[in-house]
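Student: One structure is given below, represented as structure tokens, and several questions about it will come after.
The values are calculated or read from the model by the stated rules, or taken from the named source; none is laboratory data. Quantities reported herein were computed from a predicted structural model and do not represent experimental measurements. Note that each Cβ is placed from the backbone with ideal geometry, even for glycine, and that neighbours are counted across all protein chains shown.
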Amino acid sequence: MDKFLEKILKPVIRPIKKYIMGFVRKFRTLPKLILKTLKGWIKQYLFKPLSSRKDYVKTGDYYISKKLMLLLLVLILIIVYVLLKFFPGFFVKESKVVKLHEKPDQEITYTGKVILFDETGVLKYEGELVKGAFSGQGKLYSPDGNFIYEGQFQEGAQSGSGVHYYDDGEVRYTGAFENNEYNGYGQLFNEQGTLVYQGEFSAGSFSDQGKEYYNDGKIKYDGAYKNGVFNGQGALYSQEGSLVYRGEFTNGAYNGQGQEFYTNENVKYEGAFQNGQYGGQGSVFDENSVLIYQGEFKNGQYNGQGKLFRNGLLCYQGEFVNGNYGGQGKLYDDRGIVFYDGEFENGEYHGQGKLYDEQGVLFYQGEFASGEYNGMGKRFNEDNILIFQGSFASGNITGEGTEYYLNGNIKYKGALENGQYNGNGQLFDEDGNLTYEGGFQNGRFFGEGTLYDSDGTIKYMGSFLQGKYHGSGQLFDSNGDIKYEGEFRNGTPYQSSPSGLPEESELPQQPGSPENESSSVDEQVGV
């Protein structure tokens, strides 16, 4: 009969005993939770009358009542409890732990559960050994005796799931290990117990996907890693919690396509990055999301082709160098009308260019230097009629040039300085007839010169001072004959003897007087 019962109960008792023995290894007394659970089972099954096949469990060719199984389970638990409480030696074979001490020049080859001490007697390891190597579940201690790791081992190394601790006992890391390094999914904490990273690890470093946090627990970064630094797609946040950057990273720096944000999380920049700086094609916006710039960047500055906007309106289109206008470009006013079209250097007009008035009419075309007219150029009036072409210096008409009447005929041709006739030149009337050729000073006849009638007949040949006959000279009549030859002072013939002097009514009108005509090109072209 006993053998018959043993044959029936053995397949039932064996898994129960195995479960209980595993449970016993961890606890020396029955937990309240199990007692509470057992109490519920007893009420449910022990006092319930057997009424159907559901109250039995089929084992081979036999049926065993659940009530009987419960009674046996309760009996086994009571026996186990009594043995643990009063006869602990009964389980020595199941839970035997050996204490070992490391010794110089002596290799440990033991297999089984151990408590291992180092050569100085400090606890080093608790857990399983396989041929002397840490294996399976175990606990590791530092040379100072601090508990530093609990988890799985393989061939002497921390491998599998485990928990790494700071010296003060706070959790440092929990997750996967491989060969004593964080490898796989895990969570990293600071010494205050705050989570600083969760995600994938490789060879001890952040890798693949993960989230990094500030010491106050706010998220710092969410995205891809490589070798412990941001690498791939990710999002970076400020310590205040606002989004700073979203896009691609390489070696911890913004690299590739991305977006940079203001503290209000409106987009500040959108486009390409290189080594943490704007590089390539991109757009810059103000804090209200109004476009400021669109185009190419290099080293964080406008470089290459681009468009600059003011209050949302296009104000410049063209080339940039190191953040300034550089190369070919156009400037626009607030109405979108071009007022400069040409070359730039360091943000200033430099090289060939064209300037336009408020109506978009061209009024200067030529060379610039450092933002001023410099070199050869042309000036036009409000009707786009050419009125001067020649040399400019530091923004003024200086050097050789030609002034024109509105009908296109030449008015003056010769030397100028600061917008006035200075040096040798020629004056013409509106019909193109030469009226004077010779020297000028500050816009007036000066030095040697010749005056002509409209038919080309010489009127006067000689010296001038401040626009008047002065010094040696000759007066001619309408036939070209000399009427007077001698000295002049302040426009009047002068001799020590009055004989031979022409009548005052016969003297030609004094030329070059500022009261009679403009002798400044600046007055004509509006310099």
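Student: Of the residues that sit in the range 366-381 and are assigned to a strand (DSSP E or B) and over 39 Å from the mean Cα position of the chain (by Cα), which one is surrounded by the fewest Cβ atoms within 10 Å (Cβ to Cβ)? It would help to see each step written out before you state the result.
Tutor: Taking the range 366-381 first, the residues assigned to a strand (DSSP E or B) are 366-369, 372-380.
Checking the rest, the ones that are also over 39 Å from the mean Cα position of the chain (by Cα) come to 375-380.
On the way: 375: 14, 376: 16, 377: 22, 378: 20, 379: 26, 380: 22.
Of everything passing the filter in the range 366-381, 375 is surrounded by the fewest Cβ atoms within 10 Å (Cβ to Cβ).
Student: Okay, moving on. Is there any pair with a first residue in the range 104-124 that is under 12 Å from residue 144 (Cα atoms) and a second that is at pLDDT 90 or above and polar (S, T, N, Q) whose Cβ atoms are under 8 Å apart and which are 6 or more apart or on different chains, and what are they?
Tutor: Listed pairs, sorted by first residue: none to list.
Student: Inspect all residues belonging to the range 209-217 and state whether any of them is more than 28 Å from residue 112 (Cβ to Cβ), small (Gly, Ala, Ser) and either surrounded by fewer than 15 Cβ atoms within 10 Å (Cβ to Cβ) or over 34 Å from the mean Cα position of the chain (by Cα) (or both).
Tutor: Yes; the residues of the range 209-217 include at least one that is more than 28 Å from residue 112 (Cβ to Cβ), small (Gly, Ala, Ser) and either surrounded by fewer than 15 Cβ atoms within 10 Å (Cβ to Cβ) or over 34 Å from the mean Cα position of the chain (by Cα) (or both).
Student: Still on this structure, please answer the following. Inspect the range 248-256 for any residue being of a type in the set (A, V, I, L, M), out of contact with any Pro (no Cβ under 6 Å at 6 or more places or on another chain) and buried (at least 18 other Cβ atoms within 10 Å of the Cβ) and give the result as yes or no.
Tutor: No, the range 248-256 has no match at all.
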